[in-house]
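Colleague: Got a structure for you, questions after.
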Amino acid sequence: MNLQELSAHVAAEFQKTYGRAPRYIAAAPGRVNVIGEHTDYNDGFVLPMAIEFYTIMAADKRPDGANIVTLRSTSQPDAAMVDLAQPITPTAPKWGNYPRGVLAGFAARNITPGGLDVLVHSTVPLGSGLSSSAALEVCTGTLIEAVTGKTIDPIEKALIAQKAEHDFANVPCGIMDQFISALGREGHLLLLDCRTRKTELVAMSDPSVSLLIINTNVKHELSGGEYAERRAQCEEAAAKLGVKSLRDCTADQLEQGKAKLSEVVYRRARHVIGEIERTTHAAEGIRSSNWPAVGNLMYASHYSLKDDYEVSCPELDVVVEIAEDIGAKAGVYGCRMTGGGFGGCCVALVKADSVEAITKKIIADYKAKTGIDATIFSSRPAAGATIIKS
Ligand code: GLA
């Protein structure tokens, strides 16, 4: 289903749920990060793209005029209610906290949509490292823009969404996911400098290659504490090395300062410093269609995340091993885990004409080694959040 068909589907679902047609429709995509993992909160570079999987919200003003936003979801049993006349704070159901946080962020800027009936539908697989939560947040912001007619700078919208994740979902995430969901461009990856927030578009238009997204179908829980722990270890490394963030530290400086760090914190820093460098090199490789070089950087990224950063898991490692076994001759240039880690998806750079054979092989071998069915799909780089109806 393309985005137009998807919004027609959600409009029909809204009609079934609320008994009338929606007046507003907004959409925001999930993302896959090609390279640059756990670098965003270290002021580094990331290289994600928006994917053709979306969170869509259809909405209408409430017929009773009450200042309450009711959010129903096609995938969640409980509705979320937000009373706009009261201070907005986190509460049950859990999924409602993402939109609640964004409504609070807009309210703090004196932008409120007034009472609404909303239906939420998402094709972004939940909990698989494809940023379903960022899509939900950014979609909420875009819906508020549609209803109020006030559009804000998409960078500001991404920052409101990130704050919602921090304050309402308790995940101290970086800026990558919300940023790409708000600012993605069709046909392009976004090289984002998370320090300056400057972006550079990197065209991904060579028809001879595809990006495959391989879902291990093992779920991660980002708020499990590991993410916050990694972040704290990076801050500790930066403080002990006497730099503002790990972005400011070279590999040589890290070696010189090694004695100041515990063994674990040293390895965390080594990942981040290496990964920031790999990300800018990968962007160069993509610009010059040097696919073997990009693929090798992806493998290096994976092993650094596995061994130094310790955020991989056996299922992700199995996918990367299978990809390596298939090898470049049979069409796989590179593969790595993508997103926060501890399950979720891998991303592989493959020859376009080998997609079918590679997909079959990965599914069969992954099933044989883990007993689990993987889900594999490809996506072209999609556009960021849009108002579909206002
Ligand atoms: C999660 C976070 C991002 C980023 C990645 C790891 O997706 O939301 O901000 O830190 O993990 O690269």
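The values are calculated or read from the model by the stated rules, or taken from the named source; none is laboratory data. Given the structure is predicted, the values throughout are model-derived calculations rather than measurements. Note: ideal-geometry Cβ built from the backbone for every residue, glycine included; neighbour counts use all protein chains shown. Side chains included, ligands, DNA and RNA excluded: accessible areas come from the protein's heavy atoms. Shrake-Rupley method; radii C 1.70, N 1.55, O 1.52, S 1.80 Å.
Colleague: Can you tell me which residue among Ser312, Ser301, Ser288 is outside the structural domain of Asp43 (by TED's automatic domain parsing), under 21 Å from the mean Cα position of the chain (by Cα) and surrounded by fewer than 23 Cβ atoms within 10 Å (Cβ to Cβ)?
Modeller: Only one candidate qualifies: Ser312.
Colleague: Can you name the residue in the stretch 1-58 that is among the hydroxyl-bearing types (Ser, Thr, Tyr) and open to solvent by 10 Å² or more (accessible area, probe 1.4 Å) and is also nearest to the ligand (Cβ to nearest atom) among such residues?
Modeller: By that ranking, first place goes to Tyr41.
Colleague: To continue, here is another question. Residue check: is Gly340 within 16 Å of the ligand (Cβ to nearest atom), closer than 28 Å to Asn2 by Cα and open to solvent by 10 Å² or more (accessible area, probe 1.4 Å)?
Modeller: Yes: the conditions hold for Gly340.
Colleague: Would you pick out the residues in the stretch 360-389 that are in contact (Cβ under 8 Å) with a residue 60 or more places away in the chain and of a type in the set (Lys, Arg)?
Modeller: Within the stretch 360-389, Arg380, Lys389 qualify.
Colleague: Restricting attention to the stretch 282-329, which residues are outside any helix (DSSP H, G or I) and in contact (Cβ under 8 Å) with a residue 60 or more places away in the chain?
Modeller: Those that are outside any helix (DSSP H, G or I) and in contact (Cβ under 8 Å) with a residue 60 or more places away in the chain: Ser289, Tyr309, Val311, Cys313.
Colleague: Need the failing condition index for Leu136 against (1) open to solvent by less than 10 Å² (accessible area, probe 1.4 Å); (2) within 16 Å of the ligand (Cβ to nearest atom), just the number.
Modeller: (1)
Colleague: Separate question: What strands (runs of 3 or more DSSP E) completely inside the stretch 145-256 contain at least 1 residues that are among the β-branched types (Val, Ile, Thr)?
Modeller: In the stretch 145-256, 199-203, 209-215 are the strands (runs of 3 or more DSSP E) which contain 1 or more residues that are among the β-branched types (Val, Ile, Thr).
Colleague: Search the stretch 344-365 for residues being surrounded by fewer than 22 Cβ atoms within 10 Å (Cβ to Cβ) and touching a helix residue (DSSP H, G or I) at 6+ places or on another chain (Cβ under 7 Å), and hand back the single one that is nearest to Leu211 (Cα to Cα).
Modeller: Checking each candidate, the answer is Lys361.
Colleague: Which residues, counting only those in the stretch 102-132, are part of a loop (DSSP other than H, G, I, E, B) and either closer than 18 Å to Gly384 by Cβ or among the basic types (Lys, Arg) (or both)?
Modeller: Selection gives Arg109, Thr123, Val124, Leu130, Ser131.
Colleague: When the residues of the stretch 106-128 are narrowed to those that are within 16 Å of the ligand (Cβ to nearest atom) and open to solvent by 10 Å² or more (accessible area, probe 1.4 Å), which ends up modelled with the highest pLDDT?
Modeller: Step by step, filter the stretch 106-128, then rank; the result is Pro125.
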